[in-house]
Amino acid sequence: MSETTAAEEAPRVAAALCAILLPVYERIERVAATVAATPAPPGEWTESDLAPVQERIVASIVEDDALVGMGFVPAPLVIAGQERAMMWWQRNDGRTTRLRLNFDRSSIDVYDYVEMEWFQQPAAGRARVAMGPYVDYSGSELYIVTTAVPVLVDGRFVGVTGADLLFGELERRLVDVLRKEPFEAVIVNAERRVIAANSPRWVLGTRLAAAPEVGRAEGGIVYAAVEPLLPGMGWVLGLVVAEEGAKNVG
């Protein structure tokens with residue numbers, strides 16, 4: 001296979017991967033749109049006002065087996081009478097339940113989501129965020145990826161909507177695409193961590209010294225093609241022309 005062939009193939013592979021990732025963002029963007037359409041100014045909303053948002057979340061979380069959490073996380077003081085609030089639901093063993101956490105900042109076990117990157121990055125203007133994989137010790141205690149998008153009302157940031165994905169299931173779907181390729185392939189997140197690969201060249205979770213770049217040599221690897229996945233997400237696909245017999249997808 002030539003580098004030109006890899007360059008031609010990369011957009012097709014990226015499109016197949018995006019077809020897996022995009023529905024997650026479409027769901028949380030619909031939740032965000034439902035929040036933004038809620039009457040009354042943010043700061044005067046009550047949870048009763050946001051009942052349609054809750055209905056959207058509960059209906060959406062059961063649409064994909066990879067989803068284990070979903071919700072709306074408002075900015076401070078957006079919900080009347082509550083400095084912090086979290087409208088988040090989890091799915092476990094076929095049951096959907098609301099997550100209840102401690103937001104009392106004077107408490108030793110406070111959960112201050114305002115300090116979390118999945119909240120801070122959308123607040124800073126990033127359109128799509130994907131954090132992890134990591135173990136969700138404060139919620140599901142599962143190994144997950146958290147996705148999030150900002151919620152804006154008249155240009156004002158009022159919180160994020162997000163979803164937690166079971167990483168094992170997400171990785172399986174991504175690898176199913178990669179293993180069909182004649183190239184060694186890797187998906188790397190915005191923190192340069194390996195998310196999925198079809199070759200033992202890369203170890204899951206390893207942080208690369210540098211993001212994949214066409215022609216860059218790293219540890220004997222030269223990338224023949226690099227393609228970003230969803231705009232704003234920060235994940236990229238790298239293709240390497242494998243040496244004879246080097247590829248092993250398991």
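Key figures
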| item | result |
| --- | --- |
| E44 being out of contact with any Cys (no Cβ under 8 Å at 6 or more places or on another chain), modelled with pLDDT of 95 or more and either loosely packed, with under 15 Cβ neighbours inside 10 Å or of a type in the set (D, E) (or both) | no |
| Per-region count, region 115-139, residues within 21 Å of C18 (Cα to Cα) and among the aliphatic types (A, V, I, L, M) | 4 |
| Given (1) more than 29 Å from A127 (Cβ to Cβ); (2) at pLDDT 95 or above, index of the condition E169 fails | (1) |
| Filter pass, V222 being modelled with pLDDT of 90 or more and not hydroxyl-bearing (S, T, Y) | no |
| Residue satisfying all of: in region 124-142; surrounded by fewer than 16 Cβ atoms within 10 Å (Cβ to Cβ) and not polar (S, T, N, Q); modelled with the highest pLDDT among these | A124 |
| Matching residues in region 178-221 - criterion: being surrounded by 21 or more Cβ atoms within 10 Å (Cβ to Cβ) and among the hydrophobic types (A, V, I, L, M, F, W, C) | L178, F183, A185, V186, I187, V188, I195, A196, A197, W202 |
| Only one of R192, R156 that is of a type in the set (K, R) and more than 20 Å from the chain's Cα centre (by Cα) | R156 |
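Listed here are the residues, each with its yes/no results for (1) free of Cβ contacts under 8 Å to residues at least 60 places away in the same chain; (2) surrounded by fewer than 19 Cβ atoms within 10 Å (Cβ to Cβ); (3) under 17 Å from V158 (Cα atoms); (4) not polar (S, T, N, Q).
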{"position": "L17", "(1), (2), (3), (4)": "no, no, no, yes"}
{"position": "L21", "(1), (2), (3), (4)": "no, no, no, yes"}
{"position": "L50", "(1), (2), (3), (4)": "yes, no, yes, yes"}
{"position": "V62", "(1), (2), (3), (4)": "yes, yes, no, yes"}
{"position": "A75", "(1), (2), (3), (4)": "no, no, yes, yes"}
{"position": "S107", "(1), (2), (3), (4)": "yes, yes, no, no"}
{"position": "Y113", "(1), (2), (3), (4)": "yes, no, yes, yes"}
{"position": "P122", "(1), (2), (3), (4)": "yes, no, yes, yes"}
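The values are calculated or read from the model by the stated rules, or taken from the named source; none is laboratory data. Only a predicted model underlies this, so the values are computations on that prediction, with no experimental measurement involved. No Cβ is skipped: glycine too gets one built from the backbone with ideal geometry, and neighbour counts run over all protein chains shown.
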